[in-house]
1. Let me have the 222 nm mean residue ellipticity of the chain computed from DSSP H runs of 4+ only, each contributing -39500 (n - 2.57), with the sum over all residues rounded to the nearest 500.
2. Which whole-number percent is the relative contact order of the chain (Cα, under 8 Å, 6+ apart)?
3. Let me know the shape class of region 323-402, please: from the alpha-carbon gyration tensor, a ≥ b ≥ c as square roots of the eigenvalues, rounded when a/c is under 1.5, otherwise prolate if a/b is greater than b/c, or oblate.
4. Pull out a ≥ b ≥ c, the square roots of the eigenvalues of the alpha-carbon gyration tensor of region 254-344, then state rounded if a/c is under 1.5, prolate if not and a/b is larger than b/c, and oblate in the remaining case.
5. Given Cα positions, please report Rg to Rh for the chain, the hydrodynamic radius being the Kirkwood one.
6. Would you please put 258-265, 116-123 in order of how densely packed they are, using the mean number of other Cβ atoms within 10 angstrom per residue and starting with the highest?
7. Can you sort Ser298, Ser198 so the residue with the fewest Cβ neighbours within 10 Å comes first?
8. Under a 10 Å cutoff between Cα atoms, tell me which one of Val41, Val306, Val126 has the largest fluctuation in the Gaussian network model of the chain.
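Rule-based calculations on the coordinates, nothing more; no lab input. Everything numeric in this text was worked out from a predicted model, so none of it was measured. All Cβ positions, glycine included, derive from the backbone under ideal geometry; neighbour counts span all protein chains shown.
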Amino acid sequence: MLTLDEAQQKLMAAIVPGEGTEHVALARGIGRYVAAPVHAVVDNPAFDNSAMDGYAAATAELLAAGGRLQLVGEASCGDAPGRLVPGTTMRIFTGAPLPIGADTVVMQEEVAREANEVRFPSIPQVGQYIRRRGEDFRAGEQLYRSGQRLRTHDLALLSAAGVVEVPVRPRPRALVVATGNELVAPGTPLRPGQIYESNRLATLLLLGAAGAEAIDGGTVRDEPAALRALLAHAADYDFIVTSGGASVGDHDLVKQVFAEIGQIDFWRVKIKPGKPVAFGKVGGKTHFFSLPGNPVSSLVTFKLFVEPAIVAWHGASYRMPLVSAVAATDFSRRDAIRMEFLRARLRQDGVHLVAEVLRGQGSHQIGTMRHTNALLRIDADVTGFRKGDTVTVMPLGESVDAA
Ligand code: AMP
Ligand code: MG
């Protein structure tokens, strides 16, 4: 059986990145991955301008005039740059173009104004409160490279840089299928032996958040023929993620059908929960994940395998988002043979993160999820830890509680 490290390496080596480029408007770029270098169209700032509301002046003239200058003119935002009349000062507002001939700006709070004369208490420094053209970035400068994922402020930056559309990777098409005779959708009464299905919704939403176009393949019964029929169109997808039917035994049907239609790269990983996870490819470019059916196993294996695979498919590099935290309580386990991921609550205590292992760690116990905002990792050979120890935690991407 592979360790998590080995399995993740195998996974990364097997990913066939998506091809092609789409050009999308900035407003549609959120969460997309950049497909080609993106350059600034304009300098930022586009022209020398004032960082303050105040007065623009030339230091040499101020010196010559003994710190008193006549007020002539005004520079407002949106004006074309004016010209300073020699021996005068000009009223200027934040963001307004610096008049030609000025080399300094003095804050309005610092001067005394009497009618049309402005008195400066001291000679200001050259360049003070001036935002220089191009000091943030220059026209033609590369702002983004392939593989970067665009966040809100990246799109705002591109807008400021005069970019209209951004080249991004197409989103991978990802089919989600749940398997199990016992599964029904909420809304219908449960008959004896039935349960409400939950993994499909979680997986669809997680895929969407990871940047994929998630497609609902519904629920199929534990019958090879049903699954076979569904997977006949496997080549239409970049990813197929199934849940359930992954354990050893008579009902490990997903692996059986998967082996018929594709190639399995690995099956079973030394982790808890999530051991029965399988990964491989169908037809060379469809990445296939068989996730275990227990809701918590399904989430953990999604985070450990599917999410990194989606990142790699986009040509980006993946790093597990691990942080250190202080354990809030002791924890011990009997068998130290598998790496384990415990559901935990991470909270902020001053500058420290504190992690509390939650009660109810059975991989069927989805109820614990309502308190969970992180997974706490225990290495394979570790039997436990004490309160106050440093532990390794993977936040699940939501906010951390205040103490
Ligand atoms: P399996 O991997 O099919 O052996 O399922 C393991 C456990 O997870 C069983 O208790 C199933 O009833 C449950 N399970 C399987 N698929 C789902 C699902 N989509 N939603 C909720 N529970 C599931
Ligand atoms: Mg099942």
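1. So the calculated ellipticity at 222 nm is -4500 deg cm²/dmol.
2. On the way: 911 pairs, mean separation 62.7, N = 403.
Worked out over the chain, it gives 16 percent.
3. Numbers: a/c = 1.88, a/b = 1.20, b/c = 1.57.
It comes out oblate by the Cα gyration axes.
4. It is oblate, given that a/c is not under 1.5 and a/b is not larger than b/c.
5. Computed over Cα atoms, the ratio is 1.18.
6. Final packing ranking: 258-265, 116-123.
7. So the ranking, lowest neighbour count to highest, is Ser198, Ser298.
8. Looking only at Val41, Val306, Val126, the largest GNM fluctuation is found for Val126.
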